[in-house]
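A short write-up of the structure that comes next.
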């Protein structure tokens, strides 16, 4: 069994967590459900990053100065 600890949360946060809690879920389950999507990049995000890298290598990008001029800054 993993070591356990307690954390303090406001009543407002507790009531919000309760709304997401299913019958057999623990509050840890609810919290993990929220943070897991942020632990690893999605496949779509990885594809988008690779596409951007390829575009950059081809020279298809704008500098900050170019964008500022286009926007009138």
The helices (runs of 4 or more DSSP H) lying wholly within the chain that contain at least 1 residues that are in contact (Cβ under 8 Å) with a residue 12 or more places away in the chain are 11-20, 27-35
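Residues checked against (1) modelled with pLDDT of 95 or more; (2) within 22 Å of the chain's Cα centre (by Cα):
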site: 5; (1), (2): no, no
site: 12; (1), (2): yes, no
site: 27; (1), (2): no, yes
site: 57; (1), (2): yes, no
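The values are calculated or read from the model by the stated rules, or taken from the named source; none is laboratory data. Computed from a predicted model, the values in this text were never measured in an experiment. Cβ coordinates were reconstructed from backbone atoms using ideal geometry, including for glycine residues, and neighbour counts include every protein chain displayed.
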